[in-house]
Amino acid sequence: MSLGTSLPPRILVNGSLLNVVVKFSYLGSVVNSSNNLDDEINQRIGKSSTNFGRLNSRVWKNHHLAIKLKIRVYTACILSVLLYSSETWSTYRWQENRINAFHFRCLRSILGVSWRYHDPNSTILLITCSYDLTSITRQRGLRWRGHVHRMEDGRLPKAILYGEFYNAPRRTCRPKLRYKDVVKRDTASFHISPQSWETLAADRNRWRASLSYGYLLSATSCAEKMEKRRDHRRQRRDGP
């Protein structure tokens, strides 16, 4: 597989020509030639949906199990698959919306709540004592970045996190989202200064406390945005 080249590479190993592919799976994650997360998210949602269906009769529709226990099973068996390697993702808004839409479909199925009932997503989160996946993904990513920052210099994960291409030009049109842009966005959403997060992350206990506080603020803000969008749609439907 090649990135940014017009001609496919020609590589011989012991006289055999390697096949050129547009994507491949490595350590459970999908890497593609377009350098985006679409294939990875499609695979994550597909595998999570398969696991969710296998537990449908035994867990989700089992009336002898409490909702709290079902949510714990959902977190362990579904979210762990859906958010695998999400600490390193650079997600756009529409990708986060896709993951959140799958999340809410699963929660509604667990509760047995149909879309015809018009129950808002904020109510679903309140009943299940859950949070939106955007806040969960950002918290996981920030925890991992703090862990990498505290590594000793010379470690490969830290070298990759802080590594940059020397004198690499960027397109004049809208550039692609970089991982450093994701770090700035996530820290700002957690009310952490993007310029001083490394100083805070050096102290593990302070970093964990800041993430817990920012996580609650981010989840609360997301719930308020859901209510505002719902009110806006209601006003457009019913009129002034």
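The values are calculated or read from the model by the stated rules, or taken from the named source; none is laboratory data. Source: prediction; values computed, not measured. We place every Cβ from the backbone using ideal geometry, glycine too, and count neighbours over all the protein chains shown.
Out of all the residues in the range 133-153, is one or more among the aromatic types (Phe, Trp, Tyr), crowded, with 18+ Cβ neighbours inside 10 Å and out of contact with any Lys or Arg (no Cβ under 8 Å at 6 or more places or on another chain)?
No - not one qualifying residue is present in the range 133-153.
Against the condition assigned by TED's automatic domain parsing to the domain that holds Ser86, surrounded by fewer than 18 Cβ atoms within 10 Å (Cβ to Cβ) and within 23 Å of the chain's Cα centre (by Cα), how does Pro120 come out, does it pass?
yes
Can you run down the residue pairs with Cβ atoms below 8 Å, 6 or more apart or on separate chains, where the first is in the range 55-73 and under 13 Å from Cys106 (Cβ atoms) and the partner is part of a loop (DSSP other than H, G, I, E, B) and among the hydroxyl-bearing types (Ser, Thr, Tyr)?
That search, which allows pairs on different chains as well, returns Ile71/Ser130.
Let me spell it out: the conditions are (1) under 23 Å from Thr134 (Cβ atoms); (2) assigned to a helix (DSSP H, G or I); (3) at pLDDT 90 or above, and Arg206 meets all of them except one. Which number is the exception?
For Arg206, the failing item is (1).
Could you tell me how many of the residues in the range 214-240 are in contact (Cβ under 8 Å) with a residue 60 or more places away in the chain and among the basic types (Lys, Arg)?
1
Is the range 74-86 home to any residue that is surrounded by 15 or more Cβ atoms within 10 Å (Cβ to Cβ) and in a loop (DSSP other than H, G, I, E, B)?
For the range 74-86, residues surrounded by 15 or more Cβ atoms within 10 Å (Cβ to Cβ) and in a loop (DSSP other than H, G, I, E, B): present.
Could you tell me whether any residue of the range 93-108 is in contact with a Lys or Arg (Cβ under 6 Å, 6 or more places away or on another chain) and over 21 Å from Leu37 (Cα atoms)?
No, the conditions are met nowhere in the range 93-108.
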